[in-house]
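A.B. asks: Got a structure here, written out as structure tokens. Questions coming.
What follows draws every value from the coordinates through simple rules; no lab data is involved. Note that the structure is predicted; figures quoted are calculated from it, not measured. Counting neighbours? That spans all protein chains shown, and the Cβs are built from the backbone with ideal geometry, glycine included.
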Amino acid sequence: MQRKKILKKGFTLVELMVVVIIVGILASVAVPIYRANIKKAMASEGAALLGSVLTAQRIYYAEHNVYTTNKTVLGVDTAGNKYFTDYTVSSADANGFTASTTGTGTAAGVTVTMTYTNAAGATISYSGL
């Protein structure tokens with residue numbers, strides 16, 4: 001009579017633990033990168049809001065030959081925004097203006113600032129990313 005060899009198929013506990021450790025290391029690297037990208041995506045809403053402010057300021061400049069710090073006359077609607085619901089125009093004159101917006105909720109701590117001059121155009125900077 002011949003004996004048949006019985007083959008055991010599967011993974012050992014050591015092999016499974018190595019896989020779990022590798023997945024843990026990958027997750028510890030990927031999660032912070034993912035969160036940073038989420039904040040950048042949220043900041044794009046702030047940049048879009050400041051783009052609307054720029055358009056409104058250009059219209060105001062065409063009529064009055066000067067930029068304004070008065071948000072009421074600009075008429076920028078922020079009702080549809082989720083993270084950036086308000087803005088400020090900190091300085092304005094005949095040569096340009098500076099506007100900024102700060103995030104709320106999960107975007108708290110993120111600030112988007114636009115500096116516009118007639119000569120150089122608009123520059124947007126981010127902080128808190």
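A.B. asks: Checking VAL53 against (1) more than 25 Å from the chain's Cα centre (by Cα); (2) under 20 Å from THR123 (Cα atoms), only one condition comes out false. Which one?
C.D. replies: (1)
A.B. asks: Quick check on THR68: is it surrounded by 17 or more Cβ atoms within 10 Å (Cβ to Cβ), in a strand (DSSP E or B) and either touching a Lys or Arg at 6+ places or on another chain (Cβ under 9 Å) or of a type outside the set (A, V, I, L, M) (or both)?
C.D. replies: no
A.B. asks: While we're looking at this one, here's another question. If the requirement is being of a type in the set (D, E, K, R), more than 30 Å from ASP77 (Cβ to Cβ), in a helix (DSSP H, G or I) and out of contact with any Cys (no Cβ under 8 Å at 6 or more places or on another chain), which of these qualifies: GLU15, GLU63, GLU45?
C.D. replies: None of the other options fit; the residue is GLU15.
A.B. asks: Given the residues LYS82, LYS71, which is the only one that is closer than 20 Å to ILE38 by Cα and charged (D, E, K, R)?
C.D. replies: Being closer than 20 Å to ILE38 by Cα and charged (D, E, K, R) holds for just one of LYS82, LYS71, which is LYS82.
A.B. asks: May I ask you to list the residues in the stretch 31-47 that are over 8 Å from the mean Cα position of the chain (by Cα), surrounded by fewer than 14 Cβ atoms within 10 Å (Cβ to Cβ) and within 25 Å of ALA99 (Cβ to Cβ)? Outline the logic, then answer.
C.D. replies: As a first pass, look at the stretch 31-47 and keep what is over 8 Å from the mean Cα position of the chain (by Cα): 31-36, 47.
Filter once more, keeping what is surrounded by fewer than 14 Cβ atoms within 10 Å (Cβ to Cβ): 31-36.
Passing the criteria: only ALA36.
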